[in-house]
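Report on the structure given below.
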Amino acid sequence: MKFFVRLIIFFLIFLGLYSGFVYFLSPQKIPKQSWWQHNRVRVESFLTEGKDSKFVIVGSSMSDRMLPKPNSGWFNLSLVGEGALTGLSILKNSDISPKFVLIEVNQLSVKENEKFSQENTEPFFVFTRRNFPVLRSEKQPLNYAVGFVIQFTDRFFAAEAKSNPKEEKEALEISKRLKQEHLQEVKRWYGAAVEQKKLNDRMTYLSSVLKELEAKGIRPIFFEMPMHPEILVSAKETRTRETVLKNFPSSEYLWFIDQKDIYEDSDALHLAYPEADRFLSKLKEYAESLQ
């Protein structure tokens, strides 16, 4: 019995000390061990720091690269490997009510991850993450330890970059060739249209979620992430876009599609980070003008 009492006391002391450590010290870069953990950290941040946001973005990894500034009233709830439907489900099941929810159209064919949504909005889970930051995934000891190691090596062992024009030119040519090969592969993936029945099922689910969100005073805005021009006109993207527009026409719902500018992509699907930031600026300008 004494052993267990001592064990509990030791655990409480350790938890208290670690909580203080987390509160006062934090590495600048905290790595995620997997995409699942990346998404978990994103949801936990939404339920805590993002709970007062006026604008919430939901989408896939294509929208994930848009990074709103802290305390800007914006939060990006896009989830890697998922689609906007999972983010909408999390928003629906939470106690958070932003003014607008911005819905990425590109991957609306991806089914809601019901299990992930439910376990991350369960009342006890939300309560503990809001009141005990040390329990959040990003604050786990292994993540913190690796974060400090990265910060230490970046500061003291950063390699000096030596310019070599010939090597830089060769690397650029290889990068261009690999990017072109990847584009052809993505075109094959997106060459087949999404099954219409699957899309119709997603639209039925989306309609029911939007009714619940609109009842809470949340206005939806549909938007399409820029991609490589050849992928945007692919069978998969075209059918998805047309199906969403048919069910949620621009005459009844807010839409933002930037057809004026061409954006640089990193792999035909995802924008380069500076370009994602440029698109976010335009999306923000449009959405904030609606207030």
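The values are calculated or read from the model by the stated rules, or taken from the named source; none is laboratory data. The structure displayed is predicted, hence computed values, not measured ones. Glycine gets a Cβ as well: all are built from the backbone with ideal geometry, and neighbour counts include every protein chain shown. The area values use the complete protein model at the heavy-atom level, side chains included, leaving out ligands, DNA and RNA. Shrake-Rupley method; radii C 1.70, N 1.55, O 1.52, S 1.80 Å.
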Q.
What's the total number of residues in segment 219-252 that are part of a strand (DSSP E or B) and not basic (Lys, Arg)?
A. 4
Q. Is it the case that Glu168 is in a helix (DSSP H, G or I) and open to solvent by less than 90 Å² (accessible area, probe 1.4 Å)?
A. no
Q) For segment 53-125, which helices (runs of 4 or more DSSP H) that fit wholly inside it have 3 or more residues that are more than 13 Å from Asn39 (Cα to Cα) and within 15 Å of the chain's Cα centre (by Cα)? A) 84-93
Q: Answer yes or no as to whether Ala192 is surrounded by 16 or more Cβ atoms within 10 Å (Cβ to Cβ) and assigned to a loop (DSSP other than H, G, I, E, B).
A: no
Q: Determine, yes or no, whether Val209 is modelled with pLDDT of 95 or more, among the β-branched types (Val, Ile, Thr), closer than 26 Å to Leu280 by Cβ and assigned to a helix (DSSP H, G or I).
A: yes
Q. Pick from segment 74-114 the residues that are of a type in the set (S, T, N, Q), farther than 21 Å from Val194 by Cα and in contact (Cβ under 8 Å) with a residue 40 or more places away in the chain: which of them is surrounded by the most Cβ atoms within 10 Å (Cβ to Cβ)?
A. Ser89
**Q.** Filtered residue count, segment 52-73, keeping only those that are within 17 Å of Met227 (Cβ to Cβ), polar (S, T, N, Q) and open to solvent by less than 20 Å² (accessible area, probe 1.4 Å)
**A.** 2
Q: Just one of (1) open to solvent by 80 Å² or more (accessible area, probe 1.4 Å); (2) modelled with pLDDT of 95 or more trips up Gln291, so point out which.
A: (2)
Q: Please find, within segment 217-239, the residue that is surrounded by the most Cβ atoms within 10 Å (Cβ to Cβ) out of those that are closer than 15 Å to Ser109 by Cβ and within 20 Å of the chain's Cα centre (by Cα).
A: Met225
Q: Identify the residue in segment 264-285 that is within 18 Å of Phe222 (Cβ to Cβ) and without any contact (Cβ under 8 Å) to a residue 40 or more places away in the chain and, among all such residues, is most open to solvent (accessible area, probe 1.4 Å).
A: Glu285
